[in-house]
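Working notes, beginning with the structure itself.
The values are calculated or read from the model by the stated rules, or taken from the named source; none is laboratory data. Quick caveat: nothing in here was measured; it's all calculated off a predicted structure. Quick reminder, even Gly has a Cβ in these numbers, built from the backbone with ideal geometry, and neighbours come from all protein chains shown.
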Amino acid sequence: MRGFGTHCDLDMEVLTYVVEGRLAHRDATGREATLLPGGMQCVTGGTGAYHSEFNPAHAMPLRQVRLHVLPRGKCLEPRYGACQPFRRGCPAHKNRWLHLAGDAQAVRGGSPPPPGPAGAGAAAGVGLVLGGPPSPEGEPFAGGAPAAIQQDCNVLVCDLDAGGRVALEVRAGRQVYMVCLDGAGALHGAPSSGSSAAAGLKGQPAEASGLQENDGARLYGPLSLQLEAGPCGLHVLCCEVSQG
């Protein structure tokens, strides 16, 4: 009933994605925030960030994915950031990739960071969508750019309707870590020309890899795939980084 008690993160980018329920945050600066499903929280530990997270609605379950990403340098200034660019079930956010977090240096440079699966939205005639209309609960989206982290890393999410498809392009020299959060589906395709490695699921070839809830995959570029949802839809989270 107390969640993650107050603790200190040092020299680490801690990203938390809310799958179901609500996630409440408190930190040593007195800041408090609550994220809904689809929300992304980023904590730059740096020289030391004291914070806690918990479920503010004890009668409802909370599901979350917590990612730890090594920053590009040590002893950075501690920072907290959160955004709500994606809302589960929102028609404007269905069947496309949405960019949740990206490199702070690329954002400051005036151009958005280039996510590896960028071709996904383009293949469907749409780009990465940020912000959107108010949620059914009447709470507005934060909008704006994806959350900024101190590393060349992109976090993306996709919520597919039954039978829906999106493209997944992984550029040369990049890799994608994928986890299936809800539903089921499959990855179709093959390595792009010149690809030296591509990891399927459970030892299957990349040409026909099944996805079930809680399955994960590591995909090496260059790689061109199609992500297809099963009869119950598909909800996946991707972390895209350099192979180096």
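Points to keep in mind about this one:
- Members of the range 80-106 that are buried (at least 17 other Cβ atoms within 10 Å of the Cβ) and at positive phi: N95
- The condition of being more than 23 Å from L160 (Cα to Cα), in contact with a Lys or Arg (Cβ under 7 Å, 6 or more places away or on another chain) and of a type in the set (D, E) holds for only one of E13, E32, E53, E77, that being E32.
- Elements of the type strands (runs of 3 or more DSSP E) sitting completely within the range 1-50 and holding at least 1 residues that are touching a strand residue (DSSP E or B) at 6+ places or on another chain (Cβ under 7 Å) and within 14 Å of A148 (Cα to Cα): these cover 13-20, 40-44.
- When L35, L62 are checked against the criterion of being modelled with pLDDT of 90 or more, surrounded by 14 or more Cβ atoms within 10 Å (Cβ to Cβ) and touching a Leu at 6+ places or on another chain (Cβ under 7 Å), a single residue qualifies: L62.
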